[in-house]
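To keep things clear, I will list the structure first and then write my remarks on it.
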Amino acid sequence: MSGGTPALDWLLAEGYTILRSCDRRAFAWEWLRRSPGYRRLWAARETLPPEAPEMTGLLAWANPDLIWPDARPIWNIGTDPKVLDGRPTVGEAQAADLLDIRSLAPFVSVAVDASHTEHWLLSNGHWAIRLDIHDGTLLGGPVMLEYRLSGRKSAKSKLEALHQLLALAEKGRLPSSLAPREQRADQWILELRVGDALLAGASQQEMARVLFNGAVAPQRWRVKNASYRLRVQRLVRIARHRLSDPLDGPWFA
């Protein structure tokens, strides 16, 4: 994706369908990859310092041509409050207490930074679990981990991720009860389509006709369909803001 090319064809609703069943952090990536600022950084990435992705909330560059399930972006702990902080422990442990990352290989991506901290992403393209490993590694076989939790509010976010990780490790899959569908996904998809329409140079009247399935009058639509006009105007305001500040949303709440 370069210049003003939209991330998806906004005219085709089916292109966005997969996002209806994705983690809300998918929408953070979808807006980030559309933003002119990120696209400029991506284009210049070979000339930027190694820590440059941190400016975007990521640990490593992810290709903006790729939709969320394919891009597998790894958010840093300063951006995503659900990132688990783990450390391998020494000593004897029961087999049931060990985590073997090899058993979760189909879900795994990892980035290792200069301090040798491992930043793990476990995802099937819909849900996502993030785990940082300090003072050790998951690569050497089954290990027992201790998890650092602190604070009332901060611990609550991480406990949700911990429940997901433990269920995944035990069952080899994530139960649907621990990966519920995002209730606002349809509204957020509508905003994304408007963002892509803006990038494609569509007019507000064109947006209204496509998004509201012919409910807009062929003539004098601003008068005859004032409610749709106001709705499109609101969507345009939201989309412009998301394109300029993609992480300013409820994506990590």
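Taking the solvent-accessible surface of protein heavy atoms with a 1.4 Å probe, what is the per residue accessible area of the chain in Å²?
Working: 13150 Å² over 253 residues.
With the other protein chains kept in place, the chain gives 52 Å² per residue.
The C-alpha radius of gyration of the range 95-157, expressed as a fraction of 2.2 N^0.38 Å, stands at 1.20.
For the range 47-153, which GluC sites (Glu not before Pro) are both in a DSSP coil and crowded by at most 14 other Cβ atoms within 10 Å?
Values: sites: 51, 54, 92, 118, 146; in loops: 51, 92.
Sparse-neighbourhood loop GluC sites (Glu not before Pro): 51, 92.
Angle of helix 152-171 to the longest C-alpha principal axis of the chain, folded into 0 to 90 degrees and rounded to 10: 70°.
These residues, 228, 38, go from largest to smallest accessible area, 1.4 Å probe, as 228, 38. Between helix 226-244 and the chain there is an angle of about 40 degrees, using the helix long axis and the longest principal axis of the Cα atoms.
So if we plug the beta-carbon distance of residue 45 and residue 152 into 1/(1 + (r/R0)^6) with R0 = 41 Å, what FRET efficiency do we get, rounded to 0.05?
Numbers: r = 39 Å, r/R0 = 0.94.
Computed FRET efficiency for residue 45 and residue 152 comes out at 0.60.
Counting only heavy atoms of the protein chains and using a 1.4 Å probe, residue 33 has close to 0 Å² of accessible surface.
The alpha carbons of the chain occupy a box of 76, 44, 33 Å along the principal axes, longest dimension given first. With distances taken between every two different alpha-carbon atoms, the range 1-138 has a Kirkwood hydrodynamic radius of 16.6 Å.
Would you mind calculating the relative contact order of the chain from Cα pairs under 8 angstrom and at least 6 residues apart, reporting the percent as a whole number? Display every interim value, and only then the final one.
Numbers: 336 pairs, mean separation 66.5, N = 253.
26 percent.
Computed over protein heavy atoms with a 1.4 Å probe, the carbon and sulfur contribution to the accessible area of the chain reaches 52%. Across the range 115-159, the mean sequence separation of Cα contacts (distance under 8 Å, 6 or more residues apart), normalised by length, yields a relative contact order of 27 percent.
The values are calculated or read from the model by the stated rules, or taken from the named source; none is laboratory data. These numbers come from a predicted model, not from an experiment. Using ideal geometry, Cβ is built from the backbone for each residue, glycine included, and neighbour counts are taken over all protein chains shown. These accessible areas exclude ligands, DNA and RNA; they are computed on the full protein's heavy atoms, side chains included. Shrake-Rupley method; radii C 1.70, N 1.55, O 1.52, S 1.80 Å.
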